[in-house]
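Below is one structure, written out as structure tokens, with a few remarks after it.
Just so you know, all these numbers are worked out from the coordinates, no wet-lab data involved. Note that the structure is a prediction, hence the values are computed from the model and not measured.
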Amino acid sequence: MALLSEEERERAARFVHQRSAVSFVAGRAASRRILSGLLDVAPEEIRLGRRPCPGCGDPLHGPPAVIAPATPLWISISHTTSCGMLAVARVPVGVDVEAVRDFSVAELASSTLTESERHVVLGTEEGAARTRAFLRCWTRKEAVLKAVGVGIATDLTTVETRPELSGPAVVATGVPGTPSSWVVADLAVPDAWAAALSVPADAEGSRPEIRLHQHV
């Protein structure tokens, strides 16, 4: 907790489940340690905040950013059960990681997937394969929307992630002032998780730096 800001400590205290709070705290502390190596400063000198939301301009719920020291780098942070991810790039970037767990895909499909995504996901054999097909869509959507800077407050059924493609997919968004097309790709992570990364389509050839921090 020593590395976290007061706002982050308050946010951690609001988690209903202790395990979620532990994941959040560990992820934020690890992010500072990783960034300290990249920026050549002590972890205690890393101050994290937010960029203004590109959708409404509100600085309270925009994408995460390194406030100090000054840097051109963009970051994205994600955490789930026993795993955290930090994406660092010189372009807008989004990353999402989710624990693979049992849940009703059919109940979530109508409110989160496009028609073509539902066709692919619900056409997959029930069980682990269908769960992974859904999580491919979900992590891709989150990664893209985090890269855009608006998060999942957007109507998820308007974001087509092409789950039939195992390789990178181009996703169109319509948020003013942001790139209209984004490349999203699944990340190779242990079987307990699913993850995806997104950058602007015109930056497809760039190599954003990804560090994986796992904790129990």
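Distances between placed amide hydrogens fall under 5 Å for Cys83 paired with His215, all partners being 5 or more residues away or on another chain. In sequence order, the range 183-193 has phi-based couplings of 9, 10, 9, 6, 9, 7, 10, x, 4, 6, 9 Hz under the Karplus curve 6.51 cos²θ - 1.76 cosθ + 1.60, θ = phi - 60°, and Gly or Pro positions carry x. First check a/c for the range 6-89, with a ≥ b ≥ c the square roots of the eigenvalues of its C-alpha gyration tensor; if it is under 1.5, answer rounded, and if not, answer prolate when a/b is larger than b/c or oblate otherwise. Because a/c hits 1.5 or more and a/b fails to exceed b/c, the range 6-89 counts as oblate. Under 1.5 on a/c is rounded, so check that first for the chain, then, if it is not, pick prolate when a/b is larger than b/c and oblate when it is not; a ≥ b ≥ c are the square roots of the alpha carbon gyration tensor eigenvalues. Cα axes put the chain in the prolate bin. Mean-square fluctuations from a GNM of the chain, with a 10 angstrom spring cutoff on Cα atoms, peak among Val189, Val121, Val91 at Val189. Working from Cα pairs under 8 Å separated by at least six residues, relative contact order for the range 99-204 is 27 percent.
Test of understanding: what is the full-extension gain from Ser5 to Arg50, defined as 0.36 nm times their sequence separation minus their Cα-Cα distance?
Working: separation 45, 0.36 × 45 = 16.20 nm, distance 1.28 nm.
Contour length minus the Cα-Cα distance gives 14.9 nm.
Highest GNM mean-square fluctuation among Asp96, Asp186, Asp40, for the chain modelled with Cα contacts below 10 Å: Asp40.
Counting pairs of alpha carbon atoms under 8 Å apart in space and at least six apart in sequence, what relative contact order in percent does the chain give?
Values: 441 pairs, mean separation 43.5, N = 216.
Computed over the chain, the figure is 20 percent.
The 3J(HN,Hα) values that the Karplus relation (6.51, -1.76, 1.60; θ = phi - 60°) gives for the range 46-53 are, in residue order, 7, 10, 9, x, 9, 7, x, 4 Hz. Gly and Pro appear as x.
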